[in-house]
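In what follows, a single structure is set out as structure tokens and then discussed.
What follows draws every value from the coordinates through simple rules; no lab data is involved. Because the structure is a prediction, the values reported are computed rather than measured. Here Cβ is always computed from backbone atoms with ideal geometry, including for glycine, and neighbour counts include all displayed protein chains.
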Amino acid sequence: MSAVSETPAPAYRGGSRSWRKLRSHRSALVGFVIVAFFVTVALLAPVLPIADPAATSWSAVRKAPSAEYLLGTDEIGRDIFSRMIWGARASLIAGVISVLLAVALGVPFGLVAGYFGGWIDQVVSRVTDALLAMPFLILAVALAAFLGPSLTNAMIAIGLAAMPIFVRLTRGQVLSVKTEDYVEGARAIGLTHFAIMLRYILPNVFAPVLVQATLTIATAIILEAALSFLGLGQQPPAPSWGSMLNVAKNFLTQAPWMAWWPGAAIFLVVLGFNLLGDGLRDALDPKET
């Protein structure tokens, strides 16, 4: 009994090795730098010496980039540089919070379904399959339209639309982990199901969930921009990259810079999260040396 009770759960402990692998992954470092830059800019937006993003000036309508207006102005004279910085807050907050919501809802369902199996697994799996059968964007747009246009509702819609991804991923990982010897040993010494899931199974499915969450943030940022573009996300006059693109589409000939900057920002931040996610996948894969 004592020999069995001392059997440890081989939870992931290769933090230092993974960090060394991540540092050697050049594209992942590039992604980390890009993400860190946008996060820093978004966090510092309230203290940066920039113009009010909602302030209008009819004498500066659609001004081209210059020393006075670094990125130009929009259709009612608002400073695009200021709106880009504040728009980063909306995009990053929407991306991160919506994915956290998806993880918080999806992981427990996947954990319970994979561990207990039986009718619980059948019910969770069929509902998940039905949700995954619907395109991610269409599902999110439908939920956002049902909840109403606002950034909060957009985050809820994106989180619910992304939840089935984490249910499926977690369930698959649990089915593999729950047959390991250390889990059988935990059952043999009389640990409760909750204790086994929390102490022995969950830590061993954390790495793939983290990788998927990083990649899903990139998708969520694109989706938030799409919802804002459609008028279902951040509402004017609050800045959002998606709503800025929605306005810019009407002035592509007269003021193309109105579309350049939010489009480039969305591209770069999504690229950064994708590169970082690929690097994390390689670094956290125990099969990679």
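Going by alpha carbons, how many degrees (0 to 90, nearest 10) lie between the helix axis of 257-284 and the longest principal axis of the chain?
Once rounded, the angle reads 20 degrees.
Dipole of the chain, Cα-centred, from +1 at each Lys and Arg C-beta and -1 at each Asp and Glu C-beta, to the nearest 20 debye?
In debye, rounded to 20, the chain gives about 280.
From the list (i) 20.2; (ii) 21.0; (iii) 22.1, can you say which value of Kirkwood radius over Cα pairs in Å was derived from the structure given?
Label (ii) holds the value from this structure.
I need the trypsin sites (Lys or Arg not before Pro) found in the stretch 181-289, filtered to DSSP loop residues with at most 10 other beta carbons within 10 Å of theirs.
Filter output for the stretch 181-289: Lys287.
Per DSSP H run of n ≥ 4, the term is -39500 (n - 2.57); total these for the chain, divide by its residue number, and report the mean residue ellipticity at 222 nm rounded to 500 deg cm²/dmol.
-23000 deg cm²/dmol
Quickly rank 38-44, 250-256 as a protection proxy: mean count of other C-beta atoms within 10 Å, highest first.
For the peptides 38-44, 250-256, the packing ranking is 38-44, 250-256.
Which residues make up the longest stretch of the chain clear of GluC sites (Glu not before Pro) that lie in a DSSP loop with no more than 13 other Cβ atoms within 10 Å, not counting the sites?
Between the exposed loop sites, the longest stretch runs 69-287.
Taking only the C-alpha atoms, wrap a convex hull around the stretch 196-266 and report its volume per residue in Å³ as a whole number.
Per residue, the Cα convex hull of the stretch 196-266 comes to 100 Å³.
Under a plain spin-label model, where a point goes 7 Å from the Cα along Cα-to-Cβ, how far apart in nm are Ala133 and Glu180?
With each label placed 7 Å out from Cα toward Cβ, I get 3.5 nm.
Distance between Cα centroids, the stretch 114-169 to the stretch 244-259: provide it in whole Å.
Each part's Cα centre sits 34 Å from the other's.
Quick one: Karplus J couplings for the stretch 225-231, per residue in order, coefficients 6.51, -1.76, 1.60, θ = phi - 60°, nearest Hz, x for Gly and Pro?
Listing the rounded values in order: 5, 5, 5, 5, 4, 8, x Hz.
So what's the angle, to the nearest 10 degrees on a 0 to 90 scale, between helix 80-116 and the longest Cα principal axis of the chain?
Here the helix axis deviates by roughly 20 degrees.
Using Cα pairs under 8 angstrom and six or more residues apart, how large is the relative contact order of the chain, in percent?
Relative contact order for the chain comes out at 28 percent.
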